[in-house]
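The values are calculated or read from the model by the stated rules, or taken from the named source; none is laboratory data. Please read these numbers as outputs of a predicted model, since none were measured by experiment. Ideal geometry is used to build each Cβ from the backbone, glycine not excepted, and the neighbour counts take in all protein chains shown. Side chains included, ligands, DNA and RNA excluded: accessible areas come from the protein's heavy atoms. Shrake-Rupley method; radii C 1.70, N 1.55, O 1.52, S 1.80 Å.
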Amino acid sequence: MKRVFSTSVRELVEYTLRAGDLDLSSFGGEHPAHAVRVHQSIQRARPAGYVAEVVVRHEVATGNCELSIGGRIDGVYSDGTRVVVDEIKTTRRNLARLQQEENPVHWGQAKCYAYIYAVQNDLEEIAVQLTYYQMEEEKTVEVQCTFSIAELSDFFDRLVSGYVRWIDMVTDWTMLRDSSIGEMRFPFENFRPGQEQMIRATAAAIEEGAQLLMQAPTGIGKTMAVIYAAMQALAQRPAGKVFYLTARTTGRNAAEQALQILRRNGLHVKSLSLVAKEKLCFNPEKACNGMECAYARGFYDRINDALRAAFDREMFTREAVLDIAREHRVCPFEFSLELSLWVDVVICDYNYVFDPRVYLRRFFENGDSGHILLVDEAHNLVDRAREMYSAVLHKQPVLQLRRKLKGVLPQLFRGLGKLNSWMVRARRELPGNGDSLALQECRADLCRVLRQCASSAEQWLSRNEKTAFREDLLDIYFEFRRFLSTAERYDNGYATCYSRDEKNFSVTLFCIDPSDHLRIVLERCGAAIFLSATLTPVAYFRRLFGCREDAETVSLPSPFPAENFRVLIAGRISALYRYREFTKHEVARMISVLIDQKKGNYLIFFPSYEYMRMVHEVFQERRPRARIIMQRANMSEKERDDFLACFNEDGGYGITGFVVMGGFFAESIDLVGERLTGAAIIGVGFPKISFERELIREYFDRTNGSGYAFAYQVPGMIKVLQAAGRVIRSEEDRGVVMLIDTRYPEPPYRMMLPEEWRPVFVLNAERASSVLEEFWRE
């Protein structure tokens, strides 16, 4: 029995008929919901008998598979003499020019729909109509042609024959992949403790289309376990891909390494590491069009050759993508997006799945996709989601740009003047002695002004004229578009925030509760597995991830020997802000006790840079000969690597690193063995009290009575647990963690500590010294 390969009419047409330059310098595109409303409005205005959203499908036998081509026609109706297939397109281009210039992809899509509909309904001829709706002018033009079934059949056959050669290659690959999956075995002689349970739980969640929250300690092989289970499922899910989502380079590297290990053991699987455009672009100073960039010029003439040449490879890292793109002279970022359609595993940041501005629409726009999500370090997703679904508008850049446009772009100059006036009036709404104000509505009058400004900016930007203000205008245009797109999603989980400082005023659409937006994405996927060493309390994460009530949970204890890890709680030293000046000497003394009992390398985690500097000053006075390195804000990747390189293997030099909780050094770093001896964590990791955090607290107080926990306690303790997780990374590691704060003995915080920690409460430095001495003597 032949394998069935399903594709859409759109994919068929775009692959076969695309030609010419890549042009990403055209602007616009309303929020998809707006385009949907336009389609629906046109469909409702059609005469009686018009049938909207007609589903069609057609099968074609090829050498290796049964090609199933489907799609959804925007509308079908009869004009009295013939049947008309209606294809609706929204555009920002000039309508007269669209009538003169035939778009082969648009006509190709409509003609394919017409052919399939005609075959299914035994029609000898059929009319094809392209309906273009101009977004700014709100005008419509219709272009119609009539074709015989013979003409359409000839066109369709030529289209399919070009596509079949590619699909046969893909089918051959798929058969090889599935055969290797059938023979795949776990790549190590023994499972680590907990790995088999993780594999079974992941496999069951994928098979059932479930959502799974899996908490497992660092160092037991989470990445390999879930990827191994997902690979087993690929052969049973021919339409689905695996998306491994990670926020950090270290997570991407771990996924790439796991797949390479499986390949060395016989697995054939294609994977793509999708990275940001700025990390791939050959010509970052040029516009993305054929006039300026050689890699955009003729992109669509060469892209299919590049794909065929690349298909012999299985692993597409950033470097591999750059090599192939350079050889075939195609834009590397757009080439990587094309590759994503044909690989089995996509390793990428959260935003390619969840962020409405940049998510991969080709995979997640049309209902249940069957794709598998593996979300690494999932505890980061809540705050990242708040950022993705929020938008901010600043007054000062608007004013600065307006000054540059005076006498040059009068229409936009006037529009920005209206926007500035609106913001001046809004600023007056702030209370006399306050710098912030929250409203429970999205201001429609602001959105109207922004749409006018965005439209004027877009008309000028589309000319691609080089001016001194172009980049500033481009930046603020995208800021406007993001704000308007966010306004489309505004619901009860948002607040509109006004805030001011000395020179600026801003309006923020702040997403307090991202769960509904995440839920929409999850429902489009076949299964979702959330991974982290810190998914406690599970009710918090299930609620904010937007998971279903029946989402599965798995929590694995640490498999490492309990006697290798000692946790101390110095619960009489307050790290509260108001007491820090008085307790900084006690904190410095406790750090001295920690590092004195065993010479080695230590990380000291602080709640803020300010507090870190305070204690550092005192500590240096106490220990002038100590080797201390201190994290700086906004360190480059090289500076971070140099910092970690100081924690050398022998540990004999005794490095003490002062770092900030919740930053890079508190997550996703591996200092195995003697590279890290212990850590001190000062405070309970609370996020800084802010206007936005208070909005979160108030919102969840209203909705579930857990505002303080959701806004401060849980996010803080996640940072604590992540920081502590740096110490024990393997079965052979031994280490200590000292928690310093009066809040740790209290029930809400004590209950969030892992049960296997069994902390020892120390009342003073002498007791701490005794406990540590005993531990290191064992």
Selection status of residue 222, open to solvent by 40 Å² or more (accessible area, probe 1.4 Å) and not polar (S, T, N, Q): no
Test: residue in the stretch 244-254 that is in contact with a helix residue (DSSP H, G or I) (Cβ under 6 Å, 6 or more places away or on another chain), assigned to a helix (DSSP H, G or I) and of a type outside the set (Asp, Glu): yes
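On the given criteria, is residue 712 open to solvent by 20 Å² or more (accessible area, probe 1.4 Å) and either at pLDDT below 95 or closer than 30 Å to residue 501 by Cα (or both)?
Taking the combined requirement at face value, the residue does not satisfy it.
Conditions tested, residue by residue: (1) modelled with pLDDT of 95 or more; (2) more than 20 Å from the chain's Cα centre (by Cα); (3) open to solvent by 50 Å² or more (accessible area, probe 1.4 Å); (4) of a type in the set (A, V, I, L, M, F, W, C).
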position: 253; (1), (2), (3), (4): no, no, yes, no
position: 264; (1), (2), (3), (4): yes, yes, yes, no
position: 279; (1), (2), (3), (4): no, no, yes, no
position: 293; (1), (2), (3), (4): no, yes, no, yes
position: 303; (1), (2), (3), (4): yes, yes, no, yes
Within the stretch 376-416, tally of residues that are closer than 27 Å to residue 710 by Cα and part of a helix (DSSP H, G or I): 11
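Okay, residues lined up against (1) at pLDDT 90 or above; (2) in contact with a strand residue (DSSP E or B) (Cβ under 8 Å, 6 or more places away or on another chain):
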site: 9; (1), (2): yes, yes
site: 18; (1), (2): yes, no
site: 22; (1), (2): yes, no
site: 28; (1), (2): no, no
site: 31; (1), (2): no, no
site: 38; (1), (2): no, yes
site: 43; (1), (2): no, yes
site: 68; (1), (2): yes, yes
In the stretch 452-494, the residues that are open to solvent by less than 20 Å² (accessible area, probe 1.4 Å) and among the β-branched types (Val, Ile, Thr): 476, 486
Number of the condition not met by residue 764 [criteria: (1) in contact with an Asp or Glu (Cβ under 7 Å, 6 or more places away or on another chain); (2) open to solvent by 50 Å² or more (accessible area, probe 1.4 Å)]: (1)
Residue in the stretch 417-434 that is within 23 Å of residue 91 (Cβ to Cβ) and touching a residue at least 40 places away in the same chain (Cβ under 8 Å) present: no
Count - residues of the stretch 319-340 that are buried (at least 17 other Cβ atoms within 10 Å of the Cβ) and not in a helix (DSSP H, G or I): 2
Qualifying residue in the stretch 426-443 (condition: at pLDDT below 95, polar (S, T, N, Q), under 30 Å from residue 715 (Cβ atoms) and more than 29 Å from the chain's Cα centre (by Cα)): yes
Which listed residue is of a type in the set (Phe, Trp, Tyr) and at pLDDT 95 or above, from 606, 643, 647: 606
Verdict on residue 454 being touching a helix residue (DSSP H, G or I) at 6+ places or on another chain (Cβ under 7 Å) and without any contact (Cβ under 8 Å) to a residue 40 or more places away in the chain: yes
Any pair with Cβ under 7 angstrom, 6 or more apart, that starts in the stretch 462-488 at a residue that is in a helix (DSSP H, G or I) and ends at one that is among the acidic types (Asp, Glu) and open to solvent by 20 Å² or more (accessible area, probe 1.4 Å): none
Criterion violated by residue 449 - all others in (1) at pLDDT 95 or above; (2) open to solvent by 20 Å² or more (accessible area, probe 1.4 Å); (3) not in a helix (DSSP H, G or I) satisfied: (3)
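Looking only at the stretch 648-656, decide whether some residue is open to solvent by less than 10 Å² (accessible area, probe 1.4 Å), among the β-branched types (Val, Ile, Thr) and within 19 Å of residue 510 (Cα to Cα). Full working, then the answer.
Of the stretch 648-656, the ones open to solvent by less than 10 Å² (accessible area, probe 1.4 Å) are 651, 655-656.
Now restrict to residues that are among the β-branched types (Val, Ile, Thr): 655-656.
Imposing the further condition that a residue be within 19 Å of residue 510 (Cα to Cα) reduces the set to none.
No, there is no match, as no residue in the stretch 648-656 is open to solvent by less than 10 Å² (accessible area, probe 1.4 Å), among the β-branched types (Val, Ile, Thr) and within 19 Å of residue 510 (Cα to Cα).
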Selection from the stretch 727-751 of residues that are closer than 18 Å to residue 667 by Cα and open to solvent by less than 10 Å² (accessible area, probe 1.4 Å): 727, 733, 735, 736, 737, 738, 739
Number of positions in the stretch 729-748 that are more than 20 Å from residue 593 (Cα to Cα) and part of a loop (DSSP other than H, G, I, E, B): 8
Residue list for the stretch 351-409, restricted to those being open to solvent by less than 40 Å² (accessible area, probe 1.4 Å), basic (Lys, Arg) and under 13 Å from the mean Cα position of the chain (by Cα): 386
Any hit, the stretch 377-385, residues being in contact with a helix residue (DSSP H, G or I) (Cβ under 9 Å, 6 or more places away or on another chain) and closer than 20 Å to residue 237 by Cβ: no
Sole exception among (1) surrounded by fewer than 16 Cβ atoms within 10 Å (Cβ to Cβ); (2) touching a helix residue (DSSP H, G or I) at 6+ places or on another chain (Cβ under 9 Å) for residue 718, by number: (1)
Every residue from the stretch 735-751 that is β-branched (Val, Ile, Thr) and within 16 Å of residue 573 (Cα to Cα): 737, 740, 742
Positions within the stretch 119-154 being in a helix (DSSP H, G or I), in contact with a Phe, Trp or Tyr (Cβ under 7 Å, 6 or more places away or on another chain) and open to solvent by 20 Å² or more (accessible area, probe 1.4 Å), in sequence order: 153
Test result for residue 544, touching a strand residue (DSSP E or B) at 6+ places or on another chain (Cβ under 9 Å) and of a type in the set (A, V, I, L, M, F, W, C): no
